[in-house]
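Remarks on the structure that follows.
The values are calculated or read from the model by the stated rules, or taken from the named source; none is laboratory data. What you see is a predicted model, and the numbers here were worked out from it, not measured in a lab. Because the Cβ atoms are built from the backbone with ideal geometry, glycine has one as well, and the counts that use them run over all protein chains shown. For the accessible areas, the whole protein counts, side chains as well, though only heavy atoms, and no ligand, DNA or RNA atoms are used. Shrake-Rupley method; radii C 1.70, N 1.55, O 1.52, S 1.80 Å.
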Amino acid sequence: MKRAYFFICLFSCPLLLTAYEFRQELNDGWMFRQNRVGYWYAATVPGTIHTDLMAHGLIPDPFYRTNESLVQWVDKVNWEYSLDFEPDDDLLDLANQELTFFGIDTYADIFLNDEKLGTTDNMFRTWTFDVSGRLVAGRNVLLVRLHSPIVKGLEGLERYGISLPASNDYSHYGGMGDVHVSVYSRKAPYHYGWDWGPRIVTSGIWRPVVLEGWDEARVDDLFIRQPEVSPARARLEAEIAWRASDGMNVEIELLHGQEVVASRSVAAGEGLNRMIIPFTVEKPRLWWSNGLGEPYLHAFTARVIRDGREIAEKEVATGLRSLRLVRRKDARGESFYFELNGRPVFAKGANLIPGDIFLPRVTRERQERLVEDAAAANMNMLRVWGGGVYQEDYFYELCDRHGIMVWQDFMFACAMYPGDDDFLANVREEAIDNITRLRNHPCIALWCGNNEIDVAWARWGWQRAFAPFGRELVFGAYVKLMHELLPDLVARYTDGDDYWPSSPMSGPAVNAHETRPGTSGDNHYWGVWFEAHKFHQFEENVGRFISEYGFQSFPELLTVQAYALPADRAIESEVMAAHQRSAIGNRQIREYMGYYYEIPDDFEQFLYLSQVLQAKATRAAFHAHRRAMPYCMGSLLWQLNDCWPVASWSTTDYYHRWKAAHYAAREACKPVIASPRVAGEKVELWVINDLPSPLPATYRVELKNFAGETLRSWDGKCRAGGNAATRVTAWERRALLAGQDDREVFAVITLARDGNVLDEQHLYFNEAKNLKLPASPRVTVEVVEREGRRFLNLSADRLALDVLLYLPGEELHLSDNYIDLVPGRAREVEVTRPATPVPAGAIRARFVNPS
């Protein structure tokens, strides 16, 4: 049993902070069993029923081989969790006692000492029960009866009376045929399956459980409104919500850091009190996104003082910034970009899915890896996608610290939803819970109603499934939810945060469906992949903001080994197919690979080349989108991460191992890059500069053969605009090649300023499968120790493309990988893991070699 006095953090270890509030965690000592049946087993809370069953060997690991099919019975059974606990004497002495479940998945009846406290029906909500006077000294029993989400979903379907479309509900995997029930429950949609995830419909107590007590007063919420922020002055308002146990005269103090900046004397009534205190911060340090400046955070504290005694307080950290979505009419349509502190920002980033199918396994360390991976790839925005969950507080704290803006979806995706009063009331409370929980985070850039529902209704044929009356009813429910309820709540509970009804859309009006390529709004461009467009067609399909696009690859062999036996190592084997959820996935990877490379027969080589292919697509997309700025002002690839080991669109796999595409994204998202573009018979050189000031620079072009000999070279000067993409020069392709065979040469283009290299790009004039590459380049690896750090010095005697360095069977994390080695030019790569010495002879290399 843990005990402490607290006033701040949800979902974290308690801290001894004040003498007037008390928090006791109830996360240890739980037991579980099938409802009213059999033996009680030790449980883990926070946790899920599946992970508890696995811990006792009662079900196999569903990630391994084809075991997913063996656990489908679990979601159709009721379960119960029980805890015997003793309340701390200090808590019993306090006048007000509350029991809070920060997350229950999903349907539950809650009992304390055989008395029913209430029910839950939404995994996205926080559930608090008043237990004042219900706790006893000594032994207390807390019982949570969990109902099958499938049975409850079937009841919801029968009650609503309309079968609603849910294209990513993989009901057939769960033995339910075409009966889709996910939409009738407020539960993470991806649990029911997706084209990158398993169908594992969990239940459990998935976030912490705590007892909390307070005496005279408690500050429930401190919201720092930011009506006006500039480098000269921040005009702010502190909105304070606090409860009093009785009527009292108090002083409310507001602190910025350790300084009292405002105070008010008030006569408080019993129960909930609210007040707004305006104040000003002169010459504030502002919060900036990754690459543009420091993401500075300010601490603010609200204190309640009675008769000279502090009786309650709450502290929050937030960044001071002006962040808004700018939609302004122009000659080509309407802009769609984010403006931070008066500066237009090109959003570079990715879509984020939940980090595990079993959410409590996403530890703070894994959240750190996730956000750090994005920041290290020079990203400045993540989209929390609507088919998952609202992330933990700690995730948003990390985004605040790293300057990662967040496009926040509400949890609706790829389905139509009910519109009855009970459903809308449930969603209302869910939205209020999460808006108020997240609104102090400076990273929040946009609230979006859903993922792809508008475009599905307009273009995917969902309308045709209904007669006119049903069509009006179903779409009317959608309008009530996305165009009325959610925008009203965002307006009411934030200080003016922007809201976008659905992604993608061409505008906020009810029938402003996506146009592609869009001259307004945002786009999901899936021509590459689903429509078999070639990679150069990213260039031809640039909208104002590309919020989804992507390409699949397989994970590396070390990840495959976690779920497959050596006998399973064939791309079309049953086990590999079970870990490829896209019906067209393997075919698309193979077909695209054939466009650009020779398709290898070797399994491991195929895994590797799929990643090289994905990196090529990623590079092409980012460059095409960034070259189009300021017309296009956002590029969010699908997707950053995985929820299990699988072939998918992710750039980092389930174990946070970087794929080739993540290294490619890092290079393509640098603040300043050179971007060569082949346009017919011309070769253009663009410089893309995210920094606010114009950039005087020099460039050098070297035409080389594959032995590394420089056939010709020249230098030039250029000036790139600030926060712009600038076409600085162009050459005739024929003149650039100077009579050389385009299959035998390549160009090295270096961009520099004051002698410091800003970027280097390699331009190949033909596809890799057509290049006359050297048959067997010899790659040399030398391990060097310097100041306690370890480096690999790499060289090759002939051109080697997309060189992958790896340590068979071991983790090897490098500062760079999948690199081109140019003869005569050494490359240095730092080894950041493992911590033990790495013998040079143990390092292996793979590289593109058509022969």
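Miscellaneous remarks
Okay, residues lined up against (1) assigned to a helix (DSSP H, G or I); (2) touching a helix residue (DSSP H, G or I) at 6+ places or on another chain (Cβ under 6 Å); (3) free of Cβ contacts under 8 Å to residues at least 40 places away in the same chain; (4) open to solvent by less than 10 Å² (accessible area, probe 1.4 Å):
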residue: Arg401; (1), (2), (3), (4): yes, no, no, no
residue: Trp407; (1), (2), (3), (4): no, no, no, yes
residue: Met411; (1), (2), (3), (4): no, no, no, yes
residue: Asn426; (1), (2), (3), (4): yes, no, no, no
residue: Leu446; (1), (2), (3), (4): no, no, no, yes
residue: Asp454; (1), (2), (3), (4): yes, no, no, yes
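- Figure legend. Inter-residue proximity from region 827-840: first residues closer than 14 Å to Arg786 by Cβ, second residues open to solvent by 90 Å² or more (accessible area, probe 1.4 Å), beta-carbon distance below 7 Å, spacing 6+ or different chains. Indicated pairs: Glu830/Arg789.
- Among the residues of region 280-314, those that are in a strand (DSSP E or B), over 24 Å from Gly634 (Cα atoms), in contact (Cβ under 8 Å) with a residue 24 or more places away in the chain and open to solvent by 10 Å² or more (accessible area, probe 1.4 Å) comprise Thr280, Val281, Glu282, His298, Ala299, Thr301, Arg303, Ile305, Arg306, Glu310, Glu313, Lys314.
- Taken over region 775-795, residues that are in contact with an Asp or Glu (Cβ under 7 Å, 6 or more places away or on another chain), open to solvent by 40 Å² or more (accessible area, probe 1.4 Å) and not in a strand (DSSP E or B) amount to 1.
- Candidates Met576, Met629, filtered to the one that is open to solvent by less than 40 Å² (accessible area, probe 1.4 Å), in a loop (DSSP other than H, G, I, E, B) and touching a strand residue (DSSP E or B) at 6+ places or on another chain (Cβ under 9 Å): Met629
- In region 756-769, the residues that are over 21 Å from Ser610 (Cβ atoms) reach residues that are open to solvent by 40 Å² or more (accessible area, probe 1.4 Å) and in a strand (DSSP E or B) with C-beta atoms within less than 9 angstrom, at least six apart or across chains, in these pairs: Leu763/Val678; Phe765/Val678.
- Any hit, region 650-668, residues being acidic (Asp, Glu), open to solvent by less than 20 Å² (accessible area, probe 1.4 Å) and part of a loop (DSSP other than H, G, I, E, B): yes
- Matching residues, region 194-206, being closer than 25 Å to Glu98 by Cβ and open to solvent by less than 10 Å² (accessible area, probe 1.4 Å): Ser203, Gly204, Ile205
- Where strands (runs of 3 or more DSSP E) sit wholly within region 83-161, those with at least 1 residues that are open to solvent by less than 50 Å² (accessible area, probe 1.4 Å) and aliphatic (A, V, I, L, M) occupy 96-101, 107-112, 115-121, 140-146.
Yes or no, residue by residue, for (1) in contact with an Asp or Glu (Cβ under 8 Å, 6 or more places away or on another chain); (2) β-branched (Val, Ile, Thr); (3) closer than 30 Å to Asn689 by Cα; (4) at pLDDT 95 or above:
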{"position": "Ile276", "(1), (2), (3), (4)": "yes, yes, no, yes"}
{"position": "Gly291", "(1), (2), (3), (4)": "yes, no, yes, yes"}
{"position": "Ile305", "(1), (2), (3), (4)": "yes, yes, no, yes"}
{"position": "Ala312", "(1), (2), (3), (4)": "yes, no, no, yes"}
{"position": "Ala317", "(1), (2), (3), (4)": "yes, no, no, yes"}
{"position": "Arg321", "(1), (2), (3), (4)": "no, no, yes, yes"}
{"position": "Lys329", "(1), (2), (3), (4)": "no, no, yes, yes"}
{"position": "Ser335", "(1), (2), (3), (4)": "no, no, yes, yes"}
{"position": "Leu340", "(1), (2), (3), (4)": "no, no, yes, yes"}
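- Residue within region 813-827 that is at pLDDT below 90 and either outside any strand (DSSP E or B) or open to solvent by 70 Å² or more (accessible area, probe 1.4 Å) (or both) present: no
- Asp420 of a type outside the set (Gly, Ala, Ser), touching a Lys or Arg at 6+ places or on another chain (Cβ under 6 Å) and open to solvent by 10 Å² or more (accessible area, probe 1.4 Å): no
- Failed item, numbered, when Val474 is tested on (1) of a type in the set (Val, Ile, Thr); (2) without any contact (Cβ under 8 Å) to a residue 60 or more places away in the chain; (3) open to solvent by less than 10 Å² (accessible area, probe 1.4 Å): (2)
- When Leu613 is tested against (1) open to solvent by 10 Å² or more (accessible area, probe 1.4 Å); (2) assigned to a helix (DSSP H, G or I), just one condition goes unmet, and that condition is (1).
- Residues that are open to solvent by 10 Å² or more (accessible area, probe 1.4 Å), in contact (Cβ under 8 Å) with a residue 60 or more places away in the chain and either part of a strand (DSSP E or B) or under 19 Å from Gly403 (Cα atoms) (or both), drawn from region 320-347: Arg321, Ser322, Leu323, Arg324, Leu325, Gly333, Glu334, Tyr337, Asn341, Gly342, Arg343, Pro344
- Restricting attention to region 28-55, the residues that are open to solvent by less than 20 Å² (accessible area, probe 1.4 Å) and under 28 Å from the mean Cα position of the chain (by Cα) add up to 6.
- Scan region 498-517 for residues that are over 24 Å from the mean Cα position of the chain (by Cα) and either surrounded by 22 or more Cβ atoms within 10 Å (Cβ to Cβ) or polar (S, T, N, Q) (or both) and the total you get is 2.
- Any hit, region 742-764, residues being of a type in the set (Gly, Ala, Ser), within 25 Å of Leu558 (Cα to Cα) and surrounded by fewer than 16 Cβ atoms within 10 Å (Cβ to Cβ): no
- Subset of region 177-191 [of a type in the set (A, V, I, L, M, F, W, C) and either assigned to a helix (DSSP H, G or I) or open to solvent by less than 30 Å² (accessible area, probe 1.4 Å) (or both)]: Val181, Val183, Ala188
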